[in-house]
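Structure record follows, encoded as structure tokens.
The values are calculated or read from the model by the stated rules, or taken from the named source; none is laboratory data. Keep in mind that what you see is a predicted model, and the values were worked out from it rather than measured. Neighbour counts run over all protein chains shown; Cβ positions are idealised from the backbone, glycine included.
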Amino acid sequence: MKNIKIKTAIFYADKQEQVNLELLGAKFIKNVSVLDLNFPVYEYKNIYFFYIHSQIGLINSAIFAQTVAVKFLITNIINYGACGGSSSIDFSKMKNQLIFPKRFYLLDAKTPWYEPGQLPFEPKFYENNLIADQNFNLGSSNSFIFEENQVKDFQFVDFFDMESFSFAQISAKNSLNFYCIKYLSDKIGQNLDISQVNFNIKQGAQSAAKYALDLLEKI
């Protein structure tokens, strides 16, 4: 793979979302160092890509995404991972579906002068998911959203996670192509047993990772 430019990084945040990509047909090539941690490079159908565990939270996601973007000059960010559903979401109906959000909000951004979810002097939201095919809003926070009171100002948000906004923002600021794949692990105020949530995360990661691999040939 010498002299081959790697243009894509696949990011996941929770270690429960990690998938054995070799079982899906990918081939391990080597490890690379990012922020003093080693992450693998894989090859899938003659396409090379980074597989990065960004760790949980908006700050971790932003740091890893920006570092990888600058260090390796990638052009594509793929982020897959679990999310929680709002009270309006039919969990039983959607828990086995992949979700492709259209807009990304920052749930931690609240000021007297801007709309909820908007950082001062920044866009109201990011709308750069190139595979968005559903009119869904996703809000990201450094807090796990488990109570209605946490999002009383965000009734327009359908799903919640702890990283996607950062990936959308870093992609926008670096003019990168962004692809976001989500799936349900829980619903606000319901099914919060940690073992069940982790089971849902692991189960959903398989189909999300497979979708991410298949996406490599199209970007």
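Taking the conditions exactly as written (at pLDDT 95 or above and out of contact with any helix residue (DSSP H, G or I) (no Cβ under 9 Å at 6 or more places or on another chain)), does Lys71 satisfy them or not?
Details: at pLDDT 95 or above: yes; out of contact with any helix residue (DSSP H, G or I) (no Cβ under 9 Å at 6 or more places or on another chain): yes.
Criteria met by Lys71.
Mind checking which pairs have a first residue in the stretch 107-133 that is within 25 Å of Ile181 (Cβ to Cβ) and among the hydrophobic types (A, V, I, L, M, F, W, C) and a second that is in a loop (DSSP other than H, G, I, E, B) and modelled with pLDDT of 95 or more, Cβ under 7 Å, 6 or more apart or different chains?
Leu107/Ser141; Ile131/Phe100; Ala132/Phe100; Ala132/Pro101; Ala132/Lys102
Which pairs turn up if I take residues in the stretch 179-194 that are at positive phi and look for partners that are hydrophobic (A, V, I, L, M, F, W, C) and not in a helix (DSSP H, G or I) with beta carbon separation below 7 Å, at least 6 apart in sequence or on another chain?
Listed pairs, sorted by first residue: Gly189/Phe146.
Quick one: would you say Lys187 is touching a strand residue (DSSP E or B) at 6+ places or on another chain (Cβ under 7 Å), more than 23 Å from Ile78 (Cβ to Cβ) and of a type outside the set (Val, Ile, Thr)?
When the stated conditions are applied, Lys187 passes them.
For the subset of the stretch 183-199 comprising residues that are touching a helix residue (DSSP H, G or I) at 6+ places or on another chain (Cβ under 7 Å) and among the hydrophobic types (A, V, I, L, M, F, W, C), which member is surrounded by the most Cβ atoms within 10 Å (Cβ to Cβ)?
Leu184
With Phe154, Phe144 as the choices, which residue is surrounded by fewer than 21 Cβ atoms within 10 Å (Cβ to Cβ), at negative phi and touching a strand residue (DSSP E or B) at 6+ places or on another chain (Cβ under 6 Å)?
That would be Phe154, the only listed residue that is surrounded by fewer than 21 Cβ atoms within 10 Å (Cβ to Cβ), at negative phi and touching a strand residue (DSSP E or B) at 6+ places or on another chain (Cβ under 6 Å).
Mind checking which residues of the stretch 145-169 are at pLDDT below 90 and touching a helix residue (DSSP H, G or I) at 6+ places or on another chain (Cβ under 9 Å)?
Across the stretch 145-169, the qualifying residue is only Ile145.
Does Ile188 satisfy being among the β-branched types (Val, Ile, Thr) and under 21 Å from Ser86 (Cβ atoms)?
The answer is yes for Ile188.
Kindly indicate which of Leu216, Leu192 is more than 16 Å from Ala109 (Cβ to Cβ) and at pLDDT below 90.
Residue meeting the stated conditions: Leu192.
Being over 21 Å from Ser140 (Cα atoms) and in contact with a Phe, Trp or Tyr (Cβ under 7 Å, 6 or more places away or on another chain) narrows it down to one of Val41, Val70, so name that one.
On the way: Val70 fails: in contact with a Phe, Trp or Tyr (Cβ under 7 Å, 6 or more places away or on another chain).
Only one candidate passes the filter, namely Val41.
For the stretch 11-37, how many residues are of a type in the set (D, E, K, R) and out of contact with any strand residue (DSSP E or B) (no Cβ under 9 Å at 6 or more places or on another chain)? Walk me through it before giving the result.
Applying the first criterion (of a type in the set (D, E, K, R)) to the stretch 11-37 yields 14-15, 17, 22, 27, 30, 36.
Restricting the remaining residues to those that are out of contact with any strand residue (DSSP E or B) (no Cβ under 9 Å at 6 or more places or on another chain) gives 36.
So the count comes out to 1.
With the condition kept exactly as written, say whether any residue in the stretch 14-35 is free of Cβ contacts under 8 Å to residues at least 12 places away in the same chain and closer than 18 Å to Asn76 by Cβ.
Checking the stretch 14-35: not a single residue is free of Cβ contacts under 8 Å to residues at least 12 places away in the same chain and closer than 18 Å to Asn76 by Cβ.
Report yes if some residue within the stretch 50-61 is small (Gly, Ala, Ser), under 23 Å from Ile188 (Cβ atoms) and surrounded by fewer than 22 Cβ atoms within 10 Å (Cβ to Cβ); otherwise report no.
Yes.
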